[in-house]
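Have a look at the structure below, then the notes.
The values are calculated or read from the model by the stated rules, or taken from the named source; none is laboratory data. Bear in mind that the values here come from a model prediction, so they are computed numbers and not experimental data. Cβ placement follows ideal geometry from the backbone for every residue including glycine, while neighbour counts extend to all protein chains displayed.
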Amino acid sequence: AAGVIQSPRHLIKEKRETATLKCYPIPRHDTVYWYQQGPGQDPQFLISFYEKMQSDKGSIPDRFSAQQFSDYHSELNMSSLELGDSALYFCASSLTGTFLSYEQYFGPGTRLTVT
Amino acid sequence: SQQGEEDPQALSIQEGENATMNCSYKTSINNLQWYRQNSGRGLVHLILIRSNEREKHSGRLRVTLDTSKKSSSLLITASRAADTASYFCATSAYGNNRLAFGKGNQVVVIP
């Protein structure tokens with residue numbers, strides 16, 4: 001079965017640079033989520049999109065922005081990178097019902113290292 | 001914010017034994033999901049249990065949910081070396097699908 005695809009898998013950037021992470025959800029999933037997992041930490045929710053509209057926003061820095069495109073892929077844009085942005089960035093996708101919620105399936109993650 | 005929290009366990013067991021880990025949370029939930037993560041890699045979805053369910057099975061996995069105690073447990077039976085990983089529970093609330101993760105439980109299965 002198709003899974004969530006993320007690219008790139010690894011990314012090394014310097015401080016103050018920008019980075020763009022891409023996510024391709026499972027076909028027919030209508031919701032995309034972004035999470036950040038720092039070293040030794042649990043994943044933290046950043047932002048989500050339902051049918052290409054931002055549906056929820058968590059602890060996402062103002063330096064970060066995201067969007068979902070007409071083909072449902074999503075991009076997380078990160079500017080003015082800081083050392084503390086070094087983390088694993090996960091994208092997840094799911095179906096979303098009115099009264100039920102469904103399993104969120106995660107991609108393999110993008111490991112961002114800021115030097 | 002809602003927070004799934006595992007008991008701060010680091011389990012080390014022999015292959016073939018059962019592994020049990022617990023999770024507690026603070027507020028009302030819609031569902032609770034368990035994930036496995038191998039060292040710094042992706043999160044693999046294991047099982048979802050809804051707030052109106054008390055127990056669920058999937059292969060060697062058994063999950064219980066006690067909403068009155070705001071707690072869940074994950075049992076892995078007949079453990080294998082490949083089960084060595086960190087296990088996270090994550091909760092979501094009604095009308096809000098974001099997952100709130102707790103601290104992972106590290107499980108080491110010794111061959």
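In table form, for the structure just shown:
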| item | result |
| --- | --- |
| Segment A:16-35 residues that are at positive phi, paired with ones that are modelled with pLDDT of 95 or more and surrounded by fewer than 19 Cβ atoms within 10 Å (Cβ to Cβ) (beta carbon under 7 Å, 6 or more apart) | A:16/A:80 |
| Any hit, segment A:51-65, residues being within 14 Å of chain B (Cβ to nearest Cβ), among the charged types (D, E, K, R), more than 10 Å from the chain's Cα centre (by Cα) and in a strand (DSSP E or B) | yes |
| Answer from A:89, A:33, A:105 - the residue that is surrounded by 17 or more Cβ atoms within 10 Å (Cβ to Cβ), closer than 29 Å to residue A:12 by Cβ and more than 10 Å from chain B (Cβ to nearest Cβ) | A:89 |
| Residue match in segment B:55-73 (condition: out of contact with any Cys (no Cβ under 7 Å at 6 or more places or on another chain), within 14 Å of chain A (Cβ to nearest Cβ) and polar (S, T, N, Q)) | yes |
| Residues that are in a strand (DSSP E or B) and crowded, with 22+ Cβ neighbours inside 10 Å, drawn from segment B:93-106 | B:97, B:98, B:99, B:100, B:101, B:105 |
| Among (1) of a type in the set (Asp, Glu); (2) touching a residue at least 12 places away in the same chain (Cβ under 8 Å); (3) facing chain B (nearest Cβ under 9 Å) - the single one residue A:42 does not satisfy | (2) |
| Subset of segment A:66-104 [under 12 Å from the mean Cα position of the chain (by Cα), under 19 Å from residue B:47 (Cα atoms) and among the aromatic types (Phe, Trp, Tyr)] | A:90 |
| Restricting segment B:57-86 to residues that are closer than 21 Å to residue B:27 by Cα and assigned to a strand (DSSP E or B), the residue that is farthest from the chain's Cα centre (by Cα) | B:66 |
| Within segment A:17-50, tally of residues that are part of a loop (DSSP other than H, G, I, E, B) and within 24 Å of residue B:86 (Cβ to Cβ) | 7 |
